[in-house]
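What follows is a short report on a single structure.
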Amino acid sequence: MKGLLTKDFLLMMQRKSYFMLILALGIMMNFTMENGFFITGWMVAIMSLFSISTMSYDEYDNGLPFLMTLPIYRRTYALEKYLFSFICGSGAWVVSMLLILIRAIVNGNNINILEELMGTVVIVPIALIYLSTCLPFNFKFGVEKGRMILFIECGVIVLIPLLVSKIFPDYIKLKAVFDSLGMAGLGIMLLILCIIIAAASVVVSCKIMDNKEY
């Protein structure tokens with residue numbers, strides 16, 4: 001596991017100019033936009049997508065079959081991708097929160113740290129759910145075909161609100177139910193959903209890797 005993580009972080013270092021550009025854009029948006037939720041979501045999404053793209057480097061020039069000849073378990077490779085993705089997404093969230101705090105200090109504004117935290121912390125489990133649905137397809141079909149699944153999933157996410165409004169005409173009542181739960185209740189529900197989806201995704205990915213032929 002440690003060796004695989006080291007490999008992916010070294011791959012990240014080879015593209016440090018790319019990440020410096022992302023950081024520069026994040027800083028620019030941080031001081032030109034008041035919506036910290038958008039900035040955080042953008043940075044977490046970029047880093048999450050990069051974590052998936054490391055699989056394309058592994059597949060390049062038959063690199064993945066070579067990795068499988070090393071003394072590592074196939075499921076260890078799958079678990080490492082989940083861990084690396086979580087580290088990248090969480091790291092992007094931490095950096096975005098630091099940028100938001102710096103903006104507040106520079107502008108001399110009073111900031112409610114708890115309010116900012118509650119407003120953006122929801123992005124991390126959402127990103128984890130997104131990765132949990134993408135990674136099994138990438139393990140099964142490869143990164144190139146997995147990109148098609150990525151676009152399809154984005155379309156499904158966009159259509160979900162429309163489908164909900166059609167299936168539940170009284171969606172306002174449904175919204176009232178969620179509002180009655182409060183932030184704490186919604187947070188607990190999202191956390192439980194995230195754990196269930198991530199656990200199921202890990203099991204599926206491990207089985208895919210164990211059964212895959214190289």
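The mean sequence separation of alpha-carbon pairs under 8 Å and at least six residues apart, normalised by the residue count of the range 1-98, gives a relative contact order of 44 percent. Applying the criteria of a DSSP loop state and at most 13 other Cβ atoms within 10 Å to the GluC sites (Glu not before Pro) of the range 1-99 yields Glu34.
Bear in mind these aren't lab numbers, they're just calculated from the coordinates by the rules spelled out. Fair warning: this is a prediction, and the values are worked out from it, not measured in the lab. Positions of Cβ are generated from backbone atoms using ideal geometry, with glycine treated the same way; all protein chains shown enter the neighbour counts.
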